[in-house]
Every structure is written in C-alpha cells, then in structure tokens.
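Contents: one structure, followed by commentary.
The values are calculated or read from the model by the stated rules, or taken from the named source; none is laboratory data. Since we're looking at a predicted model, the values are computed, not measured. Don't worry about glycine lacking a Cβ; one is built from the backbone with ideal geometry, like all the others, and counts go over all protein chains shown.
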C-alpha cells in the first residue's frame, strides 16, 4: 500500500505567491513532509489533510503527473478550523467560546474528551483541532471529506459566534504544517493544551508560539458512540456518491437541459458572492457528463461567462476550468446544480421524467 500527501509553500517574493503539487510518499510511518519543511526554512509550509492511499494518478494540462484527489481513497484525522473575525482579543474570545462548545459536543455526542484531541494555535488568529480517524472508527473512503463536512455542520449548529469554518472540506485542502512559522506573524503553528488556551490572552498565546513545541500523539482508542453517531453520515455519503454516478449515466441520454442548467444560463453570477468559478466548473461538468466534446464545452462556458458573469472570467481561467473537468472527469450531481442555480423542478426535469415517459410509450 502506498500513501501520499500533497505539499505546498508560500513564496512571498516570487511572481506566483504559492507553489503546490509537491507530492511526497509517506513510508513505514516516516513522513517526508518535515524534510520538505526544513528545506523551506520551516516557514509558510502546508500539506493536505487528506492522505491518498494507492492514489489515482492523472496528467494535467502541463503533462505533469498529479493525484486525482476526487477519485482516490482518502484517510485523514478529523479536523476543525476556528478562525477569529479579527486580530483583537474579543475576536479570539469568540474562537475560544466556539471551541468550548465543540469540545462539549464531542464529549456528549461522540464520547471523545480532551485527551483524544490535538489543539494547535494556527500562528495568527485561529485554532485547529484534530481527532484521530481511528478514534472516530472511520475507514478510508473516497467520500471522507464529505463525511467530515456533514459532521462539522452538526457541530457548527451548536456554536454561537460563527468562527468554525465549514468551507474547507474539499478533497485537497491544505493546512499549515505543525511547528512551521506563519509568514506574517513569525509565530509557529504550535500544539497547545486546552487549559493553557483558556487562561491565556491573545498576546500571551502569540508569545507562547514564538518557538516550536513538542507534538506528542494522543489517546487513540476507538469510540463506539462516535462510530454509531457517524455511521449514518458514512451511509449518506456513499448513497450520494452512487446517485452522482447514476446521474452521470442518465445525462448521456439527455435531449434537453434540466431546469437547473437552463436557470444557470439565465441568471447573473458575481465574482465573490455567487460562486462564479464553482458555477463555471459545474457547468463544464454537466456538459462533460452529457458526452460533449471538450472544445464545444469550452465555447459554451466562454459564452456563459461573457453573458452571465460580472465581471466575465478571463479566457485562461475558463480554459483551466474546462481542462481540469475533462482531465479529472469531475462529476457534479443534482445537489450541486440545485445549490448553484437555486432551482430544482423535478416535475419538468428530463432526468426524472425520462423513465416515466419510456414506460408510458
């Protein structure tokens, strides 16, 4: 079995400020990430939370071999990211308040206590929390990031200050490597106990993080209660994956666009508010799944951008999106199209009515 991670590093003085797609193999418990970090001066170094098991490799548009993160089997500790709304003491107090609620939730609902989690100060204004995958009783899965997103959304429902980030559960999310420095503050991402975090002010935590700290393992015994609680999330993620595959197969036979796609060609998408980039990717995925040739898809998405995006996306960005979709065979499903378009009209959708029409005929 091979296990790989993707690494990246910030390059403040370079034209391209961040370089990623550095793939490193983890062998026999040894992680080469720390060697990579040392080469970068232990500053501005990141790696994917997800570890890719016997990954699927594809060539990108530059003919470089990269990991297909969506298709690959994934393993990762569960992670939470609390980010303060400001650099102030009050902002950091919000983080600590939401963290306290999250820990209480995990104790009550998952039977996981402080001895089974790791806490890190991010080096700037946030706190990261991780729980060993083994403790949750979860097996590696292609859907792991989606399972974790469902769990974190349940936790966030109980928090009060909005510091828990639920937008980070994609299949190649990177986090700063422990005991490496933040580019702006110079502070390290450091392990910190909950008792220390509770009693320290923001300035005291920053001072504490000006040197690296030991990062010992935590208690990893599986929680039967956690496994039972998360079981329905695992089943739901697997069912949704199967639905996406079925959805993709049906799209090959479409003779008309579903209402959600029609709506996406009607409405406007603004750059920072309406997920313009993600919407373009979803459209490219739809046309890919209908069997459309790449060049035809490129023309349609370009036309959509010119007429429906404010501002229109650069031509190179559209090319990158379409090439990525066709290279990785990205398959968006009904849930994504409904969210991005705001429309789901099953009564007039050919995906849902095709079988009924065939039966009637």
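Residue by residue through segment 83-92, note down the ones that are closer than 16 Å to residue 199 by Cα and surrounded by 14 or more Cβ atoms within 10 Å (Cβ to Cβ).
Hits for segment 83-92 are 91, 92.
Any residue in segment 338-354 that's assigned by TED's automatic domain parsing to the domain that holds residue 262: show its pairings with residues that are part of a helix (DSSP H, G or I) and loosely packed, with under 13 Cβ neighbours inside 10 Å at Cβ separation under 9 Å, as long as the two are six or more apart or on different chains.
Pairs that qualify, where the first residue is assigned by TED's automatic domain parsing to the domain that holds residue 262 and the partner is part of a helix (DSSP H, G or I) and loosely packed, with under 13 Cβ neighbours inside 10 Å, are 350/357; 352/346; 353/346; 353/347.
Looking at segment 246-256, is at least one residue within 20 Å of residue 324 (Cβ to Cβ) and either in a loop (DSSP other than H, G, I, E, B) or at pLDDT 90 or above (or both)?
No, segment 246-256 contains no residue that is within 20 Å of residue 324 (Cβ to Cβ) and either in a loop (DSSP other than H, G, I, E, B) or at pLDDT 90 or above (or both).
Count, please, the residues in segment 147-169 that happen to be in contact (Cβ under 8 Å) with a residue 40 or more places away in the chain, buried (at least 20 other Cβ atoms within 10 Å of the Cβ) and farther than 17 Å from residue 97 by Cα.
Final tally of qualifying residues: 3.
Report yes if some residue within segment 213-227 is touching a strand residue (DSSP E or B) at 6+ places or on another chain (Cβ under 9 Å), free of Cβ contacts under 8 Å to residues at least 60 places away in the same chain, under 20 Å from residue 36 (Cα atoms) and loosely packed, with under 13 Cβ neighbours inside 10 Å; otherwise report no.
yes
Within segment 133-146, can you find the residues that are part of a helix (DSSP H, G or I), surrounded by fewer than 22 Cβ atoms within 10 Å (Cβ to Cβ) and over 19 Å from the mean Cα position of the chain (by Cα)?
Result: 134, single match.
Looking at (1) part of a loop (DSSP other than H, G, I, E, B); (2) over 12 Å from the mean Cα position of the chain (by Cα); (3) under 26 Å from residue 221 (Cβ atoms), which is the only condition residue 169 fails?
(2)
What residue, of 104, 21, 64, 15, is closer than 30 Å to residue 238 by Cα and exposed (fewer than 14 other Cβ atoms within 10 Å of the Cβ)?
It is 104.
Would you point out the residue of segment 193-221, among those that are touching a helix residue (DSSP H, G or I) at 6+ places or on another chain (Cβ under 6 Å) and more than 23 Å from residue 92 (Cβ to Cβ), that is modelled with the highest pLDDT?
Once the filter is applied, the top-ranked residue is 218.
Only one residue in 327, 266 is at pLDDT 90 or above and either surrounded by fewer than 17 Cβ atoms within 10 Å (Cβ to Cβ) or closer than 30 Å to residue 55 by Cβ (or both). Which one?
Exactly one of 327, 266 is at pLDDT 90 or above and either surrounded by fewer than 17 Cβ atoms within 10 Å (Cβ to Cβ) or closer than 30 Å to residue 55 by Cβ (or both), namely 266.
Taking the condition modelled with pLDDT of 95 or more and either surrounded by fewer than 16 Cβ atoms within 10 Å (Cβ to Cβ) or within 20 Å of the chain's Cα centre (by Cα) (or both), does residue 128 pass?
Answer is yes for this residue.
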